[in-house]
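J.: Okay, here's the structure, questions in a sec.
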Amino acid sequence: MTTTVADQLLARLREWGVEQVFGYPGDGINGILGAFSRADDQPRFIQSRHEEMSAFQAVGYAKFSGRPGICLATSGPGAIHLLNGLYDAKLDHVPVVAIVGQTNRTAMGGSYQQEVDLLSLFKDVASDYVQMVTVPEQLPNVLDRAIRVATARRAPTAIIVPNDVQELEYAAPGHAFKMVPSSLTPTQRPTVTPDPAALRQAADVLNAGRKVALLVGQGARGADAEIAEVVDLLGAGVAKALLGKDVLSDELPWVTGSIGLLGTRPSYEMMMGCDTLLTVGSSFPYTQFLPELDQARAVQIDLDGTMIGMRYPYEVNLVGDAQATLRALIPLLEKQQDRSWHDDLCAKVADWWEVMDAEAHVSANPVNPMRIFHEFSKVAPTDAIIASDSGSAANWYARHVKMRGRMRGSLSGTLATMGPAVPYAIGAKFAHPDRPAIAFEGDGAMQMNGLAELLTIARYWQDWSDPRLVVAVLHNNDLNQVTWELRAMGGTPTFVESQALPDVSYADFARSCGLGATTVTDPDQLADAWQVALSADRPHLLDVHCDPDVPPIPPHATLEQMTSMAKALIKGDTSRWGVMKEGIKTKAQELLH
């Protein structure tokens, strides 16, 4: 039987250990779809409701597995639909390979139906590697490089395979001029450490500090033991960028939590009071939440030399693997004898968790959204994988979910796009079918794409050894994050035409798909609802009717923000009385602790 280019494409993916491809069909990839059929669906084709969701599923798979996610789409419109998910991968440094079709080579340049210049389309998002296969002999090199580059550079790559090329008989590259053979050896990441002189310089800066603060991001994953040793030596505290929320357990007394607009008061106060900053594996962009520019001496550790020295005037920049660099640095650090800074930070952290408990129990109409996350955090499985959507869900995820054990969590950290939580959770279930996954999603994102992806969950959940996938919907009939941004940043009252959402029963929709569902309209129902969802024999949706007037007030709200919000309320915000009532009750909890 003749082996086509499409057949060899799937065979090569299998050799790379790829077990599933997240995609959506179209006639631009008919040759590849035929190959899936001939290969007995190996690797497995996972069908989403929309190509954008396929890309997000590949991102979620890659984030939670550490392996490249593969997505597949047809030419033209299908390829275009992948872009948002691929940009999410690019900005969060996630390895994803997109495989897309194209019109026949004979039609290219003829303004043919669904013909789009895909090399130009992907030139930015897949800037690390994008290539078109025009002859069979190109295939192994192009595919192998796409996977290697995605893995090595933690970036999206793309390969384009015209429809007619997919059907050609495969021929391997030969031992000849202008042929490029390729090997299958997986990329082995080198362990990079800075030179001894740079390490000594960094140690001198850190040893001179008396109030040391650490900021860690996703690049510090796997270095938790080394971070703990540094903290013990320097008497420091540690704040976490949101993509690094799962790097350290929130049960550690010196972890101050998230930083930034979605951050905690202890993180803010630590940054405003420190005299030395050590940043590990983070490119947190908001300089205003870091120490004043002339306040602290600073050291940065990052594996990516292109991201070093950004965001703050670092005195020493160390290019290296976080774990290896910290291991090399630790013998050079001196034990800080004065523990008053460290002890004060730990006391503030303990007080902050009491504040979070109190704020979650503030009464609201009908449910305080913070309570959703608070009750989950109390019973969360220690191996749970959590995906938060952008919007108000991210606020409460950042502050109220306590990471511990083997828990993992992520969100669209840099692009901050709406809609990835449910497809991330689906991708996570294919990466770890034996672990529970939870998606926190606002009703805006549910209406945008989450409802449709419940059908994807319904289609595949019986294949997972642990069937638990919980979707918690913040049902407030409002595009809440933007509503609050309008108030706090623009002094603009709620514009109902843009912000109000049509009401729908998300629980009823889930039930119609054959999934479990619970509607929550009383905060005292939440604890039981989480117990039901986390012990269910199938995926479960929690449709929680929550109050849009509960404010996501940062613990360090600026005078400008408060003034803008006051102006918005004075101008006639339709929810002004509810906003003022809930805002006063919520902020009072901080003042009482």
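The values are calculated or read from the model by the stated rules, or taken from the named source; none is laboratory data. For clarity, every value in this text was computed on a predicted model and none was experimentally measured. Cβ sites come from the backbone with ideal geometry, for glycine too, and all protein chains shown count toward neighbours. For accessibility, only protein heavy atoms count, side chains too; no ligands or nucleic acids. Shrake-Rupley method; radii C 1.70, N 1.55, O 1.52, S 1.80 Å.
J.: Could you compute the FRET efficiency for D41 and D164, with r as their C-beta to C-beta distance and R0 at 22 Å, rounded to 0.05?
T.: That pair, D41 with D164, gives E of 0.40.
J.: Working with all protein chains in place, sort M356, M418, M307 by solvent-accessible area computed with a 1.4 Å probe, largest first.
T.: Output order, biggest surface exposure first: M418, M307, M356.
J.: If W396, W461 are ordered by their accessible area, calculated over protein heavy atoms with a 1.4 Å probe, which sequence runs from highest to lowest?
T.: Largest to smallest exposure gives the sequence W461, W396.
J.: If we count every other residue with Cβ under 13 angstrom of I386's Cβ, Lys/Arg +1 and Asp/Glu -1, where does the sum land?
T.: That sum, taken over residues with Cβ under 13 Å, equals +4.
J.: Now for a different question. Below 8 Å, C-alpha to C-alpha, sequence gap of six or more: please give me the relative contact order for region 7-103 in percent.
T.: 31
J.: What is the gain in length, in nm to one decimal, between A172 and M310 on full extension, counting 0.36 nm per residue of separation less the C-alpha to C-alpha distance?
T.: Extending this stretch completely gives an extra 45.2 nm.
J.: Okay, helix-only estimate at 222 nm for the chain: each DSSP H run of n ≥ 4 adds -39500 (n - 2.57), divide by all residues, round to 500 deg cm²/dmol; what do you get?
T.: Value at 222 nm, helices only, nearest 500: -11500 deg cm²/dmol.
J.: For R327, what charge total do you get from the other residues with a beta carbon under 10 Å from its beta carbon, if Lys and Arg give +1 and Asp and Glu give -1?
T.: That works out to -3.
J.: Could I ask something else about it? Taking a point 7 angstrom from the Cα of R339 along the C-beta vector, which residues in region 273-293 have backbone N less than 17 Å away?
T.: none
J.: What accessible area per residue, rounded to a whole number of Å², is obtained for region 83-230 using a probe radius of 1.4 Å?
T.: Accessible surface, normalised per residue, equals 46 Å².
J.: How much of the accessible area of region 235-394, probe 1.4 Å, is carbon plus sulfur, in whole percent?
T.: 50
J.: Counting only protein heavy atoms and using a 1.4 Å probe, what share of the accessible area of region 1-66 belongs to carbon plus sulfur, as a whole percent?
T.: Exposed carbon and sulfur together represent 41 percent of the surface.
J.: Shifting gears a bit: How much accessible surface area, in Å² rounded to 10, belongs to the heavy atoms of T193 with a 1.4 Å probe?
T.: Surface accessible to solvent at T193 totals approximately 70 Å².
J.: Which one of T103, L143, I80 is farthest out on the positive end of the charge dipole of region 50-146, using unit charges on Cβ (Lys, Arg +1; Asp, Glu -1) and the Cα centre as origin?
T.: After comparing all options, I get L143.
J.: Using 24 Å as the Cα-Cα cut-off, could you pick out the over-long pairs in K245/K335; K63/K90; K240/K378; K63/K240; K123/K429?
T.: As for pairs spanning more than 24 Å Cα to Cα, those are K245/K335; K123/K429.
J.: Relative to the longest principal Cα axis of the chain, at what angle does helix 51-65 sit, 0 to 90 degrees, rounded to 10?
T.: Helix 51-65 and the main axis of the chain meet at about 70 degrees.
J.: OK, next. Can you give the extra length, in nm with one decimal, that the chain gains between A452 and E15 once fully stretched, where that is 0.36 nm per residue apart less the Cα-Cα distance?
T.: The A452-E15 span can extend by a further 154.0 nm.
J.: Still on this structure, please answer the following. Relative to the longest principal axis of the chain, what angle (0 to 90°, nearest 10) does the C-alpha long axis of helix 451-460 take?
T.: 60
J.: Accessible area of E292, 1.4 Å probe, to the nearest 10 Å²?
T.: For E292, solvent-accessible area is about 110 Å².
J.: Give me the one-decimal nm value for the distance between modelled label points at A500 and T382, 7 Å along each residue's Cα-to-Cβ direction.
T.: Label at A500, label at T382, 4.9 nm between them.
J.: What's the magnitude of the charge dipole for the chain around its Cα centre, counting Lys and Arg as +1 and Asp and Glu as -1 at the beta-carbon? Answer in Debye, nearest 20.
T.: That gives a dipole near 660 debye.
J.: Oh, and also: With a 1.4 Å probe and every protein chain left in place, tell me how much accessible area T134 has, in Å² to the nearest 10.
T.: 60
J.: Extension gain K123-I330, at 0.36 nm per residue separation less the Cα-Cα distance, in nm?
T.: Between K123 and I330, full extension yields 70.3 nm more.
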